[in-house]
Amino acid sequence: MDPLPWYKDGLKFTCSQCGDCCTGAPGFVWVNAAEIAEMAAIVGMEVPAFEARYVRTVGIRKSLTERPNGDCELLDPKTRGCTVYQARPRQCRTWPFWESNIRTPQAWKETCEMCPGSGQGQLVPLEDIRKQAEVIKI
Ligand code: SF4
């Protein structure tokens with residue numbers, strides 16, 4: 001049995017829908033074939049057309065495309081809402097409970113500084129945090 005981590009009593013998170021995690025500095029949102037197919041279906045596009053418009057290849061992996069300012073192309077710039085929310089990729093679903101964000105109290109503090117929903121609101125129990133951190137290694 002793993003020793004209990006520093007966040008054994010849970011961490012608070014309630015998304016404020018600010019959209020900051022989908023905008024700003026360039027980055028990567030890794031997607032697999034199943035996720036691409038689900039997003040394509042949500043926006044009513046064939047997979048090849050969706051890939052040509054919204055997916056880029058990075059080495060052997062695939063990531064969503066961004067606007068020149070770093071914003072995700074699937075974010076509605078007016079409402080700042082995700083246009084594929086129901087089919088958003090694992091990386092987006094599991095934010096902010098990525099291994100890299102919860103590795104240390106300092107990493108979590110930095111996450112809270114970037115994301116106004118982190119460290120606020122609902123207390124997410126250890127078991128749920130662990131489940132989310134295991135979905136995708138980031
Ligand atoms: S930055 Fe945090 S609070 Fe803002 S939309 Fe993303 S998860 Fe929600």
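Tell me whether the range 62-71 contains one or more residues that are modelled with pLDDT of 95 or more and over 16 Å from Ala25 (Cα atoms).
yes
Mind listing whichever residues of the range 110-135 are among the hydrophobic types (A, V, I, L, M, F, W, C), touching a strand residue (DSSP E or B) at 6+ places or on another chain (Cβ under 7 Å) and either in a strand (DSSP E or B) or closer than 11 Å to Trp95 by Cβ (or both)?
Leu123, Val124
Let me confirm something: among Arg93, Arg61, Arg88, which residue is buried (at least 19 other Cβ atoms within 10 Å of the Cβ), without any contact (Cβ under 8 Å) to a residue 60 or more places away in the chain and basic (Lys, Arg)?
It is Arg88.
Can you find, within the range 1-19, the residue that is farthest from the ligand (Cβ to nearest atom) among those that are surrounded by 13 or more Cβ atoms within 10 Å (Cβ to Cβ) and of a type outside the set (Lys, Arg)?
Among those residues, the one meeting the criterion is Pro5.
Looking at Glu46, Glu66 in this structure, which one is of a type in the set (Asp, Glu), crowded, with 19+ Cβ neighbours inside 10 Å and either within 16 Å of the ligand (Cβ to nearest atom) or over 30 Å from Lys8 (Cβ atoms) (or both)?
Checking each option against the conditions leaves just Glu66.
Checking Trp98 against (1) surrounded by fewer than 18 Cβ atoms within 10 Å (Cβ to Cβ); (2) within 14 Å of the ligand (Cβ to nearest atom); (3) under 19 Å from Leu123 (Cα atoms); (4) modelled with pLDDT of 95 or more, which single condition isn't satisfied?
Failed condition: (1).
Could you give me the residue pairs with C-beta distances under 9 Å whose first residue belongs to the range 1-15 and is closer than 15 Å to Thr104 by Cβ, whose second residue is within 16 Å of the ligand (Cβ to nearest atom) and assigned to a loop (DSSP other than H, G, I, E, B) wherever it lies, and which are 6+ apart or on separate chains?
Leu11/Pro96; Leu11/Phe97
Within the range 104-138, which residues are under 16 Å from the mean Cα position of the chain (by Cα) and near the ligand (Cβ under 10 Å from one of its atoms)?
Result: Thr111, Cys112, Met114, Cys115, Pro116, Gly117, Ser118.
Working only within the range 8-31, note down all residues that are among the aliphatic types (A, V, I, L, M) and assigned to a strand (DSSP E or B).
Passing the criteria: only Leu11.
The values are calculated or read from the model by the stated rules, or taken from the named source; none is laboratory data. None of these values were measured; they are calculated from a predicted model. Using ideal geometry, Cβ is built from the backbone for each residue, glycine included, and neighbour counts are taken over all protein chains shown.
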